[in-house]
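The values are calculated or read from the model by the stated rules, or taken from the named source; none is laboratory data. Please read all numbers here as calculations on a predicted model, not as lab measurements. Counting neighbours? That spans all protein chains shown, and the Cβs are built from the backbone with ideal geometry, glycine included.
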Amino acid sequence: MKKIIDLLEEKISKAFEESGYDSKYAGVTISNRPDLCEYQCNGSMPAAKQYKKAPFEIASSVVEKLTDKTVFKEINVVNPGFINIILHEGFVSEYVNSMKDEPDRGMDKSEEKLKIIIDYGGANIAKPLHVGHLRSAIIGESIKRICKFMGHDVIGDVHLGDWGLQMGLIITELKERQPKLPYFDENFEGEYPQEAPFTIGELEEIYPAANAKSKTDETFKDAARVATYELQSGRRGYFALWRHILNVSVADLKVNYDNLDVHFEEWKKESDAQPYIPEMVEYMKREGYTRVSDGALVVDVKEETDNKEIPPCMIIKSDGATLYNTTDLATIVERKKLFDPNHIIYVVDKRQGLYFEQIFRCAKKTKLVDDKTRFTFIGFGTMNGKDGKPFKTRDGGVMRLEDLITSINEAVYNKIMENRVETEEEARRVAEIVGLSALKYGDLSNQATKDYVFDIDRFTSFEGNTGPYILYTIVRIKSILEKYKERFPESAAKAADILPAEQIQEKNLMLELLKYNEVIESAYEELAPHRLCAYVFDLANAFNKFYHETNILAQEDIERQMSYVRLIVLVKEILEQCINLLGFEAPDRM
Ligand code: ARG
């Protein structure tokens, strides 16, 4: 089954050719004037230049050839040469019927199964997850689901930050608080305790304390640097301590990501790439890619066509230490070795854009990967508070993700209790499902690169362009279907086809369904979940308009009623498919 635009283009191409014009002008788009037509072809204007004729004349001769009334209910030329198309209801319903019967619904799943790695999440261990990491998790998860849905082999890797100065800071702070622990005794030769000397709660308090101290206390900071260095050089006690930090932290992160319905295939971390560093650096030197600049080892990555300054990519600092760059490059080496990916996608704060540009260029230039390997950086903007400044807690601290989720769920819970009397427990459960949709949709409905304002009232509203509105629409369909089954068990058991639409809202709803396969493909090509959000919003609106005009359950014509039901089943399935790709789901009631 083909996409609708392709089908129309085929027919129009033929008409262009038959009229003696190149078929490359036969491109069809969804109309940007839905009040005038449903689809349009604007190719006569550029064709007019080539053929030195009036666009109107070209369009008219093309339209003359398009006589199939079972496809084109109306096809008109309007000045200066637009071809406006209104489809026949029968053609539309036939297409919708084939969508309902076909698992891929006319989507072109990629022929070549690509191996794609998505680097997202990017939490740093021992630091509480904050809203900055939230965007990466939400956007990355959706992109991952979209890529998988297109038929690719996709690996989501959380790429934890576990190797920087934060480790030295925590170790140094712990040493001050509990100097008697065996981890600090250089002569200790026994087995270290199995149990961590801190809970996650303590750990989360230790890091900010240590970080604050390092800002004012130079000696402390130096000690932390030394500790980081010693850990990285394999000091036994520190390594054991690092393991504890990692384990405690990862257990907590797993709970947090699970609550977000975000799941990683790989829980790899910066430290996993360290073993690849020495050989990689040796290789880069040997092949002559590096040079020494102010004592540091760098690779030049600027290109002649650059119109902005791209500084060299530093591999080793002048004091011999490796850095974030070195780790990311070594991670590429590791990924190449373990997974041999065709494409690596990084979902990270857009402020790291220049950094990743350097990394990608360096990896290509030094041939860590071949020319065909694709790198994509998806840089996201900041989540701001209503004051337009980066989102903070009321007292100005960094908002913890857990607290953020709690406040959203609370807002949704209050709304649910306002509307109806549910049991408290049920309302809490539903509030969690709906709250997640509010959070994710609020984020994903914006183009990722843009900053956006986090507005709990707006995001949790059951009306407007929000997650809860989409869920509400699905729940509404579910409830109609349930009632239908109860009242008309016999018809409900029968298979039915969708009949040609009789009324405009019914046709408009079908026209929205026609866009589905196209939208999924473009969301994949552009790696843009916001396209899906825009689509589910349009589809939900089209459904609600239809619903307000049509009393499905009171419909007396049984065939027509069955057709309505089949239509809304398809609407529900497609809405559910789309929100699944966005990373949330609908409850049965709300
Ligand atoms: N941990 C980093 C941070 O918090 C994000 C990691 C992004 N991924 C990467 N491969 N560098 O900023």
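Data table
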{"quantity": "Candidate set from region 108-124 (those that are within 11 Å of the ligand (Cβ to nearest atom) and outside any loop (DSSP other than H, G, I, E, B)); member that is surrounded by the most Cβ atoms within 10 Å (Cβ to Cβ)", "calculated": "ILE118"}
{"quantity": "Residue in region 488-498 that is closer than 23 Å to TYR95 by Cβ and within 23 Å of the chain's Cα centre (by Cα) present", "calculated": "no"}
{"quantity": "Inter-residue pairs, beta-carbon under 8 Å, first in contact (Cβ under 8 Å) with a residue 40 or more places away in the chain and in region 151-164, second of a type in the set (Val, Ile, Thr) and within 9 Å of the ligand (Cβ to nearest atom), 6+ apart", "calculated": "HIS159/THR331; TRP163/THR327"}
{"quantity": "Region 314-335 residues that are touching a residue at least 60 places away in the same chain (Cβ under 8 Å), paired with ones that are in a helix (DSSP H, G or I) and within 11 Å of the ligand (Cβ to nearest atom) (beta carbon under 8 Å, 6 or more apart)", "calculated": "TYR324/TYR355; THR327/GLU270; THR327/ALA273; THR331/GLU270; THR331/ALA273; VAL333/ALA273; GLU334/ALA273"}
{"quantity": "Matching residues, region 411-430, being of a type in the set (Gly, Ala, Ser) and under 21 Å from PHE537 (Cα atoms)", "calculated": "none"}
{"quantity": "Of all residues in region 400-455 being in a loop (DSSP other than H, G, I, E, B) and more than 22 Å from the chain's Cα centre (by Cα), the one that is modelled with the lowest pLDDT", "calculated": "VAL421"}
{"quantity": "Single condition MET417 does not satisfy, out of (1) closer than 30 Å to ILE474 by Cα; (2) buried (at least 19 other Cβ atoms within 10 Å of the Cβ); (3) aliphatic (A, V, I, L, M)", "calculated": "(2)"}
{"quantity": "Matching residues in region 525-567 - criterion: being closer than 30 Å to HIS343 by Cα and not basic (Lys, Arg)", "calculated": "GLU525, GLU526, LEU527, ALA528, PRO529, HIS530, LEU532, CYS533, ALA534, TYR535, VAL536"}
{"quantity": "Pairs with Cβ under 8 Å, 6+ apart, first in region 348-369 and under 16 Å from GLY121 (Cα atoms), second away from the ligand (no atom under 12 Å from the Cβ)", "calculated": "ASP349/THR382; LYS350/GLY381; LYS350/THR449"}
{"quantity": "Failed item, numbered, when ALA209 is tested on (1) more than 35 Å from the chain's Cα centre (by Cα); (2) surrounded by fewer than 19 Cβ atoms within 10 Å (Cβ to Cβ); (3) modelled with pLDDT under 95", "calculated": "(1)"}
{"quantity": "Qualifying positions in region 147-172 - part of a loop (DSSP other than H, G, I, E, B) and more than 30 Å from GLU521 (Cβ to Cβ)", "calculated": "ASP162, TRP163, GLY164"}
{"quantity": "Count - residues of region 133-159 that are within 30 Å of PRO103 (Cα to Cα), basic (Lys, Arg) and either within 11 Å of the ligand (Cβ to nearest atom) or crowded, with 21+ Cβ neighbours inside 10 Å (or both)", "calculated": "1"}
{"quantity": "Test: residue in region 160-174 that is more than 10 Å from the ligand (Cβ to nearest atom), more than 30 Å from ALA227 (Cα to Cα), aliphatic (A, V, I, L, M) and modelled with pLDDT of 90 or more", "calculated": "no"}
{"quantity": "Residue match in region 90-108 (condition: of a type in the set (Phe, Trp, Tyr), farther than 30 Å from SER61 by Cβ and modelled with pLDDT of 90 or more)", "calculated": "no"}
{"quantity": "Residue under evaluation HIS130, criteria (1) within 16 Å of the ligand (Cβ to nearest atom); (2) within 25 Å of TYR524 (Cβ to Cβ), criterion not met", "calculated": "(2)"}
{"quantity": "Some residue of region 332-342 being within 16 Å of the ligand (Cβ to nearest atom), of a type in the set (D, E, K, R) and farther than 25 Å from ALA123 by Cβ", "calculated": "no"}
{"quantity": "Selection from region 241-260 of residues that are among the charged types (D, E, K, R), over 15 Å from GLY161 (Cβ atoms) and either surrounded by 21 or more Cβ atoms within 10 Å (Cβ to Cβ) or under 25 Å from the mean Cα position of the chain (by Cα) (or both)", "calculated": "LYS254, ASP258"}
{"quantity": "Only listed residue being free of Cβ contacts under 8 Å to residues at least 24 places away in the same chain and farther than 27 Å from VAL255 by Cβ, chosen from GLU486, GLU424, GLU410", "calculated": "GLU486"}
{"quantity": "Matching residues in region 275-329 - criterion: being in contact with a helix residue (DSSP H, G or I) (Cβ under 7 Å, 6 or more places away or on another chain) and within 16 Å of the ligand (Cβ to nearest atom)", "calculated": "TYR276, ILE277, MET280, CYS313, MET314, ILE315, THR322, ASN325, THR326, THR327, ASP328, LEU329"}
{"quantity": "Members of region 263-274 found to be under 15 Å from TYR120 (Cβ atoms) and within 15 Å of the ligand (Cβ to nearest atom), listed by number", "calculated": "PHE264, GLU266, TRP267, LYS268, LYS269, GLU270"}
{"quantity": "Test: residue in region 345-357 that is of a type outside the set (Val, Ile, Thr), more than 16 Å from the ligand (Cβ to nearest atom) and more than 27 Å from ARG286 (Cβ to Cβ)", "calculated": "no"}
{"quantity": "Per-region count, region 420-446, residues closer than 12 Å to MET590 by Cβ, touching a Lys or Arg at 6+ places or on another chain (Cβ under 9 Å), buried (at least 24 other Cβ atoms within 10 Å of the Cβ) and not aliphatic (A, V, I, L, M)", "calculated": "0"}
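Every residue, every condition in (1) more than 30 Å from TYR346 (Cα to Cα); (2) assigned to a strand (DSSP E or B), yes or no:
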| site | (1), (2) |
| --- | --- |
| TYR21 | yes, no |
| LEU36 | yes, no |
| LYS73 | yes, yes |
| GLY106 | no, no |
